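Shown next, in structure tokens, is the structure this report addresses.
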Amino acid sequence: MTATPVLVLLDHAADGTLRPPVRELLTLARELAGDAGVQGVWAGDEDVAAAVPALAAQGVTTVHRLATDTDVHLSAVLADGLEAALAASGAALVLLVSSFENKEAAARLAVRTGAGVVTDVDGLEVQAGRVVAHKTVLAGTWTTRCAVSAPTAVVTVKANSVVAQDAAAPSSPQVVDLPVEVRASSTRVRLVERTELAGSGRPDLGSAHVVVVGGRGTEGDFSAVEELADVLGGAVGATRVATDEGWIGHDAQIGQTGVTVSPRLYVGAGVSGAVHHRGGMQASGTIVAVNSDPDAPIFEIADFGVVGDLFAVLPQAAAELRRLQG
Amino acid sequence: MRIVVCVKFVPDIQSDRQLGPDGRVVRDGGDGTLNELDENAVEAALALAEEHDGHVVVLTVGPDDAVDAVRKGLQMGADEAVHVLDDAVAGSDAIGTATVLAAAVRHLGADAPVDLVLTGMAGLDGLTSLLPAALAEALDLPALPLASTLAVDPAVGTVTVTRRLDHATETLSADLPVLVSVTDGLNEPRYPNFKGIMAARKKPVTTLTLADLGVDPGTVGAAGARTEVLEAAARPPREDRVLLTDTGDAGTRLAAWLVERKLV
Ligand SMILES: Cc1cc2nc3c(=O)[nH]c(=O)nc-3n(C[C@H](O)[C@H](O)[C@H](O)COP(=O)(O)OP(=O)(O)OC[C@H]3O[C@@H](n4cnc5c(N)ncnc54)[C@H](O)[C@@H]3O)c2cc1C
């Protein structure tokens with residue numbers, strides 16, 4: 001267990017509700033922190049009140065609300081805020097949800113404070129006082145355990161790495177305004193425009209428990225993919241071919257240069273399983289593939305593979321699931 | 001405009017990549033290549049240099065054969081290359097690599113100011129994406145990461161990028177000098193042609209050591225790393241796998257399997 005509190009960055013939506021993976025990080029933080037407790041960092045103008053019930057259920061003791069006039073969406077400003085929160089909390093471990101923008105802040109924090117940083121982690125433990133992180137690398141084909149030797153550890157954790165659970169006893173989180181001294185250099189970048197993406201009405205791709213993915217084999221018709229996703233309560237993803245063709249938005253691209261997913265269940269339909277795609281999904285719990293080509297590389301990593309036409313197999317599976325679910 | 005592109009030599013992702021017990025990628029020669037995602041950065045640099053009469057330096061830190069990565073950059077059309085080669089660099093984490101690259105960029109800046117530092121969005125080996133922001137921090141430069149569009153206005157000296165994040169799209173701008181990391185969606189990297197390959201042979205490749213750069217070897221490499229790999233193991237193959245050919249009921253069987261596995 002850590003001797004000092006564990007700090008968690010509280011990623012949230014525009015309405016102030018926590019992003020789903022944050023609850024997972026808080027669960028993990030609680031296990032690691034024990035009596036030292038878990039503290040949160042609230043970055044942004046959104047109303048923290050919307051998140052307080054969830055934070056209480058997670059047993060969070062203190063929330064440091066970053067008080068600054070500058071935009072915390074700038075990674076250098078976020079790093080300024082995290083630096084202040086580290087000092088205020090006395091924490092030696094900071095957890096962030098793995099996302100490109102959080103990794104930018106993590107890198108800056110590490111350079112500034114001498115912290116050790118590990119990204120895309122799927123498990124954490126404390127051994128002999130050191131933080132030890134577990135991660136899968138090389139497109140999900142290897143697992144490593146990596147210790148942080150610096151006094152402070154900054155760790156970005158992948159969604160779906162732990163099952164979120166409420167604390168045994170809820171807390172009453174104290175929200176404290178934390179003045180942030182923004183460095184002059186942090187505001188050299190101007191945020192000209194920021195547009196929040198509209199939600200799809202489906203779970204968020206990066207953190208969904210189930211992801212159904214369409215590739216070139218859909219030929220642009222995602223209806224079968226969407227139907228199965230909806231029966232399974234999952235998110236819809238795509239290969240780069242499908243996003244480049246404009247069949248679906250770029251934010252749906254899964255892979256090494258898109259979103260990394262590790263859901264409990266991944267279903268790929270008309271997806272060949274190119275190495276660039278596998279890099280973003282190979283760590284998934286269970287992999288199902290439907291492809292008309294028996295030699296498609298995705299079958300090498302599939303737990304359940306169907307050589308067949310996705311337009312026959314997916315609707316039949318969806319209908320059967322609806323029947324079984326009654 | 002003087003542009004430095006930082007590139008990495010990585011094992012070919014199409015090859016069977018292995019880790020040693022120290023967690024470092026095993027390099028048994030022959031299957032290394034210029035990180036694909038850095039080709040987009042080289043392409044961006046060349047396109048800007050063509051438009052604004054620029055000079056492009058490709059820079060890498062790595063073992064002997066990493067020189068192949070900068071050679072490829074020269075073949076694509078870069079003007080000169082710098083290879084930081086020093087045994088003490090081995091085992092660097094992203095922060096250590098950023099320290100060395102920052103020193104090398106400063107070294108280049110002593111000859112003539114560097115206006116733009118470009119990198120790819122990630123290394124296809126580690127995929128940590130930490131380097132661009134760490135390098136900007138080490139160089140005290142404003143960073144415009146993950147550019148999927150990039151516009152430079154040299155008259156007023158501003159750079160504007162757009163980028164796509166998980167929940168938002170952003171437009172960022174800053175005044176030169178800046179660091180920009182580019183995505184694979186920004187451009188289509190050119191292939192080196194015969195002329196480019198021949199011309200590259202005559203282009204200068206400077207090899208520098210940590211001593212040349214004034215970097216204390218204790219702060220980088222395995223000695224300076226703030227993380228230590230304790231263990232690396234190949235993931236066991238998946239078990240109990242089912243592969244069937246649809247004869248009319250595969251969808252039904254898939255549904256039953258998902259229910260049996262408690263995945264719904
Ligand atoms: C630098 C770089 C980065 C990249 N990053 C990514 C990335 O992040 N994500 C990504 O996905 N790709 C990425 N790519 C592209 C990647 O290499 C592949 O080209 C892409 O993943 C292939 O997409 P696909 O599987 O949809 O298409 P294809 O490879 O063309 O496969 C289509 C499959 O559909 C099957 N099929 C056709 N019709 C049917 C049917 N009716 N029913 C069932 N099956 C059918 C075919 O048998 C085939 O296997 C990247 C490439 C590069 C160079």
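Each value in this text was obtained by applying a stated rule to the coordinates, not by laboratory testing. Here the structure is a predicted model, which means the values were calculated and not measured. Cβ placement follows ideal geometry from the backbone for every residue including glycine, while neighbour counts extend to all protein chains displayed.
Note on the protein assembly as shown: dipole from Cβ charges, positive end direction compared against B:Ala143, A:Pro297, B:Met121; the farthest Cα belongs to A:Pro297.
Using every pair of separate Cα atoms, the Kirkwood estimate puts the hydrodynamic radius of the protein assembly as shown at 24.7 angstrom.
Comparing region A:6-89 with the 2.2 N^0.38 Å rule of thumb, its C-alpha radius of gyration ratio is 1.03 (two decimals). With bins 5 Å wide beginning at 0, the percent of Cα pairs of region B:132-264 falling in each bin runs 2, 7, 8, 9, 8, 10, 13, 12, 9, 7, 6, 6, 3, 0. Its Cα centre serving as origin, region B:2-224 has a Cβ charge dipole (Lys and Arg +1, Asp and Glu -1) of approximately 320 debye. By the rule of a C-alpha distance below 19 Å, with chain neighbours fewer than 8 residues away ignored, the lysines paired with A:Lys158 are A:Lys103, A:Lys135. Beyond 26 Å, the tail of the calculated P(r) for chain B holds 46 percent of the Cα pairs. Assuming charge only on the beta carbon of Lys and Arg (+1) and of Asp and Glu (-1), the dipole of region A:188-326 about its Cα centre is about 540 debye to the nearest 20. Measuring nothing but how far apart in sequence close Cα pairs (under 8 Å, 6+ apart) lie, relative to its length, chain B scores a relative contact order of 24 percent.
Please work out the Cα center distance from region A:291-326 to region B:177-243, rounded to the nearest Å. After rounding, the separation between the Cα centres reads 38 Å. With N as its number of residues, region A:86-149 has a Cα radius of gyration that, divided by 2.2 N^0.38 Å, comes to 1.16. With point charges of +1 on the Cβ of Lys and Arg and -1 on the Cβ of Asp and Glu, referenced to the Cα centre of the protein assembly as shown, which listed residue (A:Val157, B:His52, A:Pro179) lies farthest in the positive direction of the dipole? It is A:Val157, whose Cα lies furthest towards the positive end. Pairs of Lys residues in chain B that lie 8 or more places apart, or on two chains, and have C-alpha atoms under 14 angstrom apart add up to 5.
Helix A:20-33 axis versus longest C-alpha principal axis of chain A: approximately 50°, rounded to the nearest ten. For region A:80-193, a simple Cβ point-charge model (Lys and Arg +1, Asp and Glu -1, everything else neutral) yields a dipole of about 380 debye relative to the Cα centre. Remark: region B:230-242, residue by residue, has Karplus-estimated 3J(HN,Hα) of 8, 6, 9, 9, 5, 5, x, x, 5, 9, 6, 8, 10 Hz, where x stands for each Gly or Pro and the curve is 6.51 cos²θ - 1.76 cosθ + 1.60 at θ = phi - 60°. Work out the FRET efficiency for A:Glu181 and B:Asp53 from their Cβ-Cβ distance, taking R0 = 41 Å, and round it to the nearest 0.05. Plugging the Cβ-Cβ distance into 1/(1 + (r/R0)^6) gives 0.50. Contact order, relative form, for region A:6-187: 31 percent (alpha carbon pairs under 8 Å, 6 or more residues apart, mean separation divided by residue count).
Against the main long axis of the alpha-carbon atoms of chain A, helix A:310-325 sits at an angle near 70°. Couplings 3J(HN,Hα) for region A:287-298, derived from phi with the Karplus relation 6.51 cos²θ - 1.76 cosθ + 1.60 (θ = phi - 60°), are 10, 10, 10, 10, 8, 6, 9, x, 8, 4, x, 4 Hz, where x marks Gly and Pro. Over region A:210-326, all Cα pairs binned in 10 Å intervals from 0 give whole-percent P(r) values of 16, 52, 29, 3, listed from short to long. Our summary gives chain A a relative contact order of 15 percent, counting only alpha carbon pairs under 8 angstrom and 6 or more residues apart. For region A:6-187, the convex hull spanned by the alpha carbon atoms encloses 111 Å³ per residue.
When region A:6-187 is described by a simple charge dipole with +1 on each Lys and Arg Cβ and -1 on each Asp and Glu Cβ, the residue from A:Leu95, A:Pro170, A:Ala51 located farthest towards its positive end is A:Leu95.
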